[in-house]
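Below is one structure; the comments refer to it alone.
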Amino acid sequence: MILAFAIVLICLAVTALVLAGVSVRVLREYERGVVFRLGRVTSQRGPGLIFLMPAIDRMVRVSLRTVTLEIPAQEIITRDNVPARVTAVAYYRVIDSTRSVLEIEDVLTATSQIAQTTLRSVLGKAELDALLSERERLNEHLQQIIDDQTEPWGVKVTTVEIKDVEIPERMQHAMARQAEAERGRRAKVINAEGEFQAAARLNDAADVISRNPVTIQLRYLQTLTEVSGNQSSTIVFPLPIDVLQGLVSGAETRRESATDGAERERLDEALAAARAALEVGTGDAVAVDDAAPALPASRTSEPTV
């Protein structure tokens, strides 16, 4: 009798342990449990320790972690009739596990199909330039469309990114030539802008010099100082006749006041050289005037020294 009672107690304990093992579930922080009681949804459980009624309740685990969905490469034709091969990736997570389980069992497959269809539909309406340069805007547009379609399932699509766009090789060569031509155009525009600014500054400098003719002589002297440091070449520098005339007048004044014979001889030689240069310059000016009478008579020639 006592032995039979002990066996019954042992059987009851084993049965209780088995029922407890079947009834108790532990859910992680990123998991939720949808409990079906006789086929009907009761509530969403978790995370932590939950209890189920044996043989009556059935629980389905749903992960709330973000899932990375690789969208297979899609062959599209852009709005400007350029074939392209586009690959993308989408990130989504379950926000309502009850709706997700009720509406569809394989959320990954359904989301992938919707993403592929949306990718072909949206990118086929975009031009190639927009597809290459406006990816952020296209990504946001794709994310909104896919999220609107998956929202009834309790799925939130957080991000859609276009990873790669492959175009035919001949189109790549054409785009390279276009980019090279564009860079050449920009270089010419920048060069023209530089020439324009330099001409404007030269015009301003001419206005300043025209107010005092002595400044042009100072510029001549400054230029001579700059080029005098190079001893490896011969420099031909034009000298205005006005400068020579001033030198001749100064030499004549000094000759009249000079008393030393050696100094007068040296001044005579300088005056002879200056008058010879003036005669050469005047002869050139006359020749130019004769060859081109349309030029104004007041033009001054500059002999080469």
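Give me the dipole magnitude in Debye, nearest 20, for the range 67-170 about the Cα centre, with unit charges on the beta carbon: positive for Lys and Arg, negative for Asp and Glu.
In total the dipole reaches around 60 debye.
Counting charges near residue 161 (Lys, Arg +1; Asp, Glu -1) among other residues having Cβ under 15 Å from its Cβ returns a value of -3.
Between residue 28 and 48, the built amide H atoms are under 5 Å apart, and every one of these is 5 or more places off in sequence or on another chain. Once backbone amide H atoms are built at 1.01 Å from N, residue 67 has 92, 93 as its partners under 5 Å, excluding neighbours fewer than 5 places away on the same chain. For the range 219-224, 3J(HN,Hα) computed residue by residue from phi via the Karplus equation (6.51, -1.76, 1.60; θ = phi - 60°) reads 5, 4, 5, 5, 5, 4 Hz, glycine and proline entered as x.
Counted over the range 23-62 with a bin width of 5 Å, the fraction of Cα pairs per bin, in whole percents, is 6, 28, 37, 21, 7, 1. Please compute the Cα-Cα pair-distance distribution of the range 50-126 with 5 Å bins starting at 0, giving whole percents from short to long. Percent of pairs per bin, in order: 3, 13, 19, 16, 13, 11, 9, 6, 4, 3, 2, 1, 0. A cut-off of 5 Å between modelled amide H atoms, ignoring neighbours fewer than 5 places along the same chain, links residue 88 with 71, 163.
Can you return the lysines within cross-link range of residue 125? Criterion is Cα-Cα under 29 Å, with same-chain partners fewer than 8 residues away left out. Leaving aside lysines fewer than 8 places away in the same chain, those within reach of residue 125 are 156, 163. Normalised by the number of residues in the range 67-170, the mean separation of alpha-carbon contacts (under 8 Å, six or more apart) gives a relative contact order of 40 percent.
None of the figures in this text is laboratory data; all of them are computed from the coordinates on show. Just so it is clear, the model here is predicted, and its values are computed rather than measured. Ideal geometry is used to build each Cβ from the backbone, glycine not excepted, and the neighbour counts take in all protein chains shown.
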